[in-house]
Amino acid sequence: MKKTFSKIDKPLLFITILLCGIGLLMVFSSSSVAAILRYNKATSTYFFIRQLIFFVAAFIGGFIIIHIPTKWYKSISWLLIIGIIGVLVFLLLYGGITNHVQSWFYIPGTGFAIQPSEFAKSFVIIFMAVFYNSLIQKKISNVYLYLIPLSIAGIVGLLILMQPDFGSAAILLAIAFCIFISIPMVKSNLPKIMMILGIGAVLLVGVLLYSGTEILNSDQMERFKFQNPCQRYKEDTGYQVCNGYIAINNGGLTGVGLGKSTQKYLYLPESHTDFIFAILVEELGLLVGIGVLGLYALMLYRILKIAKEAYILRNSILAYGTFWLFTFHIIINLCGMLSILPLTGVPLPLMSYGGSSTLNFVAMIFITQRVAIENKTTKYQLELKKLSN
């Protein structure tokens, strides 16, 4: 255990713990009113306690993950991807519906729910890492085989879109595409591949249009009206985003004080999830908000550094996938809050309340930590071999 800990990326671990701590503090503050007045819970700490449980479970799982060699992922990658496709199909048939979206399995008698789409993103990253590493090792040059993981990611994304969960589907497909175009073989055949993908996209859109399938319901379509929120105050997206603006404006540079937000008094319905950053700025100020963004930037830098130092493609893709997972979540959450992009209900990593997202984010951080451990182990072995020669 001590030997493993000595090889992890300590700055990344410190930043992760710090962001989790800030997130836990803000969940406690932002949800205290809603827990009683909106959700009729017996205590104001209801969401805080649950989030604390999620973090404890996530870190226990994380310390198990860092002891699992990434080469073992080869034996489970197909199982993970087939399993998640099966789960997503089952979810469309029997899943629970919340806010017009069929995205959760509710665990009877526990009060907890699982959102498979959060884990689907990571399973796709793992599958692509293993698949492309195998192709490169075998020196396979058939460019069509490189389209297989992207096609499977497309199937997973389509199943998520049918829930309908546009935000998660968009992030999953964006991650898959970024990984895909980073593969050396794909780069050398990019014009040909882009033509194939373009034809496939046109055919897919045509099938969807002429099949009469309603991928996004009316409530989801409303989210695409995201500009000028305060002029659309009576609309759901306008109401939420405009109150987010008010929260940020109230905070100023130094904030109104921890726990003293006015917007969390049901003005912001999703104050502990989608709009937790707005409450953070209102209570702690813009300077602290900028500091949190700085922590995210440092986290992404450390993840990217680990990806670039990887000695094998599988590990590089695992870390790059984690980088894109966090990057897209941060961008889409904050831009949705600021009405730069449509509001899609995407959580802010390690900050927003949520069991499935918390478990998944922490798991991917520790997978990246495992890559860092293997990077240092391989580097040491190579140096030792060089000295022995």
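Peptides 163-171, 271-279 ranked from most to least packed by the mean count of surrounding Cβ atoms within 10 Å: 271-279, 163-171. For region 303-389, the alpha carbon positions stretch 60, 25, 16 Å along the principal axes, listed from largest to smallest. Largest mean-square fluctuation among 281, 56, 87, in a Gaussian network model of the chain whose springs join Cα atoms under 10 Å apart, belongs to 56. Counting Lys and Arg as +1 and Asp and Glu as -1, what is the net charge of the other residues whose Cβ lies under 13 Å from the Cβ of residue 185? With Lys, Arg at +1 and Asp, Glu at -1, the net is +4. Springs join every pair of Cα atoms under 10 Å in this Gaussian network model of the chain, and among 197, 313, 80 the largest mean-square fluctuation is at 197. Within the listed set 161, 341, 190, the residue fluctuating most in the Gaussian network model of the chain (springs between alpha-carbon atoms under 10 angstrom) is 190.
Using the Cβ atoms and a cut-off under 10 Å, what net charge is assigned to the surroundings of residue 372, where Lys and Arg are +1 and Asp and Glu are -1? Taking every other residue near residue 372 into account, the sum is +3.
Each Lys or Arg adds one and each Asp or Glu subtracts one; over the other residues with Cβ under 11 Å from the Cβ of residue 255, this totals -1. Take each peptide in 355-367, 285-297, count the other Cβ atoms within 10 Å of every residue, and average; sorted highest first, the result is 355-367, 285-297. Each residue of region 149-161 is assigned a 3J(HN,Hα), and the resulting list reads x, 5, 5, 5, 4, x, 5, 4, x, 5, 5, 5, 4 Hz, derived from the Karplus form 6.51 cos²θ - 1.76 cosθ + 1.60 (θ = phi - 60°), x at Gly and Pro.
For Rg and Dmax of the Cα atoms in Å, the listed values are [x] 21.7, 74; [y] 20.6, 65; [z] 21.6, 60; which was obtained by calculation from the structure presented? Here Rg and Dmax of the Cα atoms in Å agrees with entry [x].
Which angle between 0 and 90 degrees, to the nearest 10, do you get for helix 313-337 versus the longest principal axis of the chain when only C-alpha atoms count? Compared with the principal axis, the helix lies near 20 degrees.
Take the chain and mark each of the trypsin sites (Lys or Arg not before Pro) that is in a DSSP loop with at most 10 other Cβ atoms within 10 Å; the longest unmarked stretch, sites excluded, is 235-389. Value of Rg to Rh for region 1-90, rounded to two decimals, is 1.12; Kirkwood radius and Rg both from alpha-carbon coordinates. For the set 138/385; 121/305; 10/192; 7/192, the pairs lying more than 31 angstrom apart at their alpha carbons are 10/192; 7/192. Pairs of Cα atoms nearer than 8 Å and 6+ residues apart set the relative contact order; for the chain it is 26 percent.
Laboratory data are not the source of any read-out in this text; all were calculated from the coordinates shown. For clarity, every value in this text was computed on a predicted model and none was experimentally measured. Cβ coordinates were reconstructed from backbone atoms using ideal geometry, including for glycine residues, and neighbour counts include every protein chain displayed.
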